[in-house]
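Novice: Below is the structure I would like to discuss, written out as structure tokens.
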Amino acid sequence: MYMRTSDQRQATSNVIGEFIKSKYINLKTVYKPADILRDMKDDYGIKMNCSKTNRSKAMAQEMVREKPNESFSLLPSYLYMLMVTNPGFFVKLEVNDDDSFLYVFMALNASIKGWEFCIPIFVVDSTFLTSANGGTLLTACAQDENGKIFPLAFCIVDSENDASWEWFMIRIRDVFQMQRDMCIVSDRHESIKNTSTAVFPEATHALCTIHLYNNIKKTS
């Protein structure tokens with residue numbers, strides 16, 4: 001509902017969410033809080049603070065995509081449909097004792113088949129996920145014969161630790177096997193060193209020079 005304070009229009013987060021929810025139907029659309037502030041002021045004369053803007057954005061996304069926690073119940077069905085529509089696609093879902101989400105691993109059939117034509121070096125790395133539920137994305141890439149980056153697999157886990165990296169490495173070995181003279185390249189994270197040695201004892205483990213250079217710059 002609208003409210004008026006002197007000559008300034010106001011609206012609840014729920015109402016604003018209704019106004020802007022269409023902006024979040026397409027996942028590729030980028031519609032930031034600054035855009036909400038601008039459009040609400042220009043189109044409806046509504047002035048908002050940052051707190052209400054963020055609440056309105058969250059409300060609109062929930063209207064379109066439902067609550068993130070509830071969407072996890074749809075994950076098994078989603079993964080099943082991925083395998084049905086993409087023959088050869090490999091996926092592995094791991095849950096806790098209470099059936100809550102723990103890890104998920106994915107590798108496209110094209111990546112699995114293409115690995116044998118790549119240079120036998122794969123690079124593993126991670127990045128934090130900035131969603132409300134957090135988590136970490138683990139990735140594995142190689143280099144094809146043209147020197148281009150070739151994505152192999154990715155995995156969503158709770159955080160970077162020995163258990164999550166070991167689970168990821170085991171899936172890598174299950175799917176891509178061991179190649180002759182294979183080398184694993186990573187940053188200096190201790191969990192990667194520990195698990196790559198345990199899961200791929202035949203492979204060489206090397207440090208990424210760019211990560212090493214950046215670490216030296218920070219400490220010098």
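Novice: If you place +1 on the Cβ of every Lys and Arg, -1 on the Cβ of every Asp and Glu, and leave all else neutral, what size is the dipole of the chain about its Cα centre, to the nearest 20 Debye?
Specialist: The dipole of the chain has a size of about 1080 debye.
Novice: Using 1/(1 + (r/R0)^6) with R0 = 30 angstrom and r between the beta carbons of residue 180 and residue 133, what's the FRET efficiency to the nearest 0.05?
Specialist: With a Förster radius of 30 Å, E is 0.15.
Novice: Provide the descending list of Cα extents for the chain along its principal axes, expressed in whole angstroms.
Specialist: Computed over the Cα atoms, the extents are 75, 51, 39 Å.
Novice: Using only Cα atoms, tell me the angle between helix 75-85 and the longest principal axis of the chain; keep it within 0 to 90° and round to the nearest 10.
Specialist: Between helix and principal axis, roughly 60 degrees.
Novice: Could you calculate the FRET efficiency of residue 148 with residue 197 from 1/(1 + (r/R0)^6), where r is the beta carbon distance between them and R0 is 30 Å, rounded to 0.05?
Specialist: It comes to 0.55.
Novice: Oh, and also: Taking every pair of alpha-carbon atoms in the range 11-65, give the share separated by more than 18 Å as a whole percent.
Specialist: Result: 19 percent of Cα pairs exceed 18 Å.
Novice: Hey, any idea what Rg/Rh is for the range 30-97, computing Rh the Kirkwood way over Cα pairs?
Specialist: 1.22
Novice: Calculate, in nm to one decimal, what residue 71 and residue 161 gain on full extension: separation in residues at 0.36 nm each, minus their alpha carbon distance.
Specialist: Answer, rounded to one decimal: 29.9 nm.
Novice: If you count, for each residue, the other Cβ atoms within 10 Å and average over each peptide, how do 118-125, 23-30 line up from highest to lowest?
Specialist: Per-residue mean Cβ counts within 10 Å order the peptides as 118-125, 23-30.
Novice: Can you give the translational diffusion coefficient of the range 75-191 in µm²/s, computed by Stokes-Einstein from the Kirkwood radius over Cα pairs at 10 °C and 1.306 mPa s?
Specialist: 106
Where a number appears in this text, it was derived from the coordinates with a stated rule and is not lab data. In this text, all values refer to a predicted model and were calculated from it rather than measured experimentally. Glycine also receives a Cβ, built like all others from the backbone with ideal geometry; neighbour counts cover every protein chain displayed.
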